[in-house]
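Bear in mind these aren't lab numbers, they're just calculated from the coordinates by the rules spelled out. Bear in mind that the values here come from a model prediction, so they are computed numbers and not experimental data. Backbone-built Cβ (ideal geometry, glycine too); neighbour counts: all protein chains shown.
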Amino acid sequence: MIRRILSLALVLAVPVAAHAQVERLSGRLPEPTRAAVVAIVDSARAEGLPTDPLVNRALEGASKGAEGARIVAVVRSLADRLRDARTALGASATEAELVAGAAALRVGATPAFLARLRRESPREPLVVPLAVMADLVARGVPADTAATSVLALVRSGVRDADLVAFRENVERDIALGAGGGAAASVRAGDVAAVGVPVLNNPKTGTTPTPPTPRKP
Amino acid sequence: MHGPADDSLIARVAEELRRPVAARPGFDERVMAAVRAEAPSLPARAWTWLTEPRSFVVTPLGGLATAAGLAALVIAGVVATSGRERPGAARGAALQPAAVAAPTVVTFVLVAPRATSVALAGDFDGWDRVKLPMRRASAGLWTLDVPLAAGRYRYAFVVDGRRFVADPTAPPAVDDDFGQPTSVVTVSGRAAAGGSL
């Protein structure tokens, strides 16, 4: 009985949520663009993909004054990457993981990297490792080096905070003139081999603690 | 009818009955020990209490209220259980805050002394240019605290209502498809992993 009630509530809630998402697009996009985006969103929903990121990307384009065709192309491309991320990370991947995975794929990570990351850390959320990989590429680290570094760190069992500290140290090295690839490789080697980042956390000025297994 | 002989007999019998009986030493203890041994154990008494039929008188309103309370308890239990079974919910306490952990408050900061207004636009507010105005502190410092669930968010500062400005302390978004400065903040559930903290 309870199961029936919950199922009924879910059945009623999904169209309401979908309608709310589509409503967010109303008035922000010209009608042809809105219709095309809604079609992509509906298709993604039918596949079980998260749709909020698609709506947000369309709204971003609208806010930035992008042309309708560009907005539709970007939203469609994001839907494709979300689909690829789910294939690589598995059906149990969370929305946040899929968003981070799509960003990693966008900057050059391969689906094989995502799948490998999942195998190395099957029960841990991968939002931060995937985001750090994308952020490193944004700072000038080659995609393959960023992927290799993050994979090595995850395999060594570091925490999310250690991954963020690693990224910050690489950013600082690059700002001081180091090459992105070299900085990432050296820092990742330091963390994985020694267990602690070589330099202090530039933001806190504190000596980082030895990494511990990524646990809740 | 009875005579004096009968009264004498009755008196003798009564006297005999009134005379204390001498028991053996320890007799009382032995009797009490036997009584205790025959008393039912606590589980047996509890079982008897539980299984003994009882009759209750309930008004229709009372019965309805009881049923509603039980239904609420069952639904709460089902919801709590389904929440624990969600994939990724284990460390989700750390990384899946939307369902498990409280949102992390991220402080966004921009130094813009000449700006007359600064707002925050991003994935968390539908990229609305005016929805999240930032507060001017001192010396052109603009700040805003935003609670965010775990995830990766793209955002930018909107200066004077029209100009998008990236966060100089945060990683840039490589996946910036619209040709405007965009930054990224990643929230792990325990602390912001972007550049705004």
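The base-10 log of I(q)/I(0) for the range A:52-128, evaluated at q = 0.19, 0.27 Å⁻¹, reads -0.74, -1.20 [Debye formula, identical scatterers on Cα atoms, solvent excluded].
Counting Cβ atoms of other protein chains within 10 Å of each residue's Cβ and taking the mean over peptide A:158-168 gives 3. What the pair-distance distribution of the range B:145-188 shows, using all Cα-Cα distances binned every 5 Å from zero, is 5, 23, 27, 25, 15, 4, 0 percent. Taking every residue in A:104-110 and counting other chain Cβ atoms within 10 Å of its Cβ, the average works out to 2. Per residue, the convex hull around the alpha carbon atoms of the range A:37-94 comes to 66 Å³. A simple packing score, the average count of other Cβ atoms within 10 Å per residue, orders the peptides A:130-142, A:172-184, A:101-113 as A:130-142, A:101-113, A:172-184, with the highest score first.
Charged side chains reduced to their Cβ positions (Lys and Arg at +1, Asp and Glu at -1) give the range B:119-192 a dipole of some 240 debye around its Cα centre.
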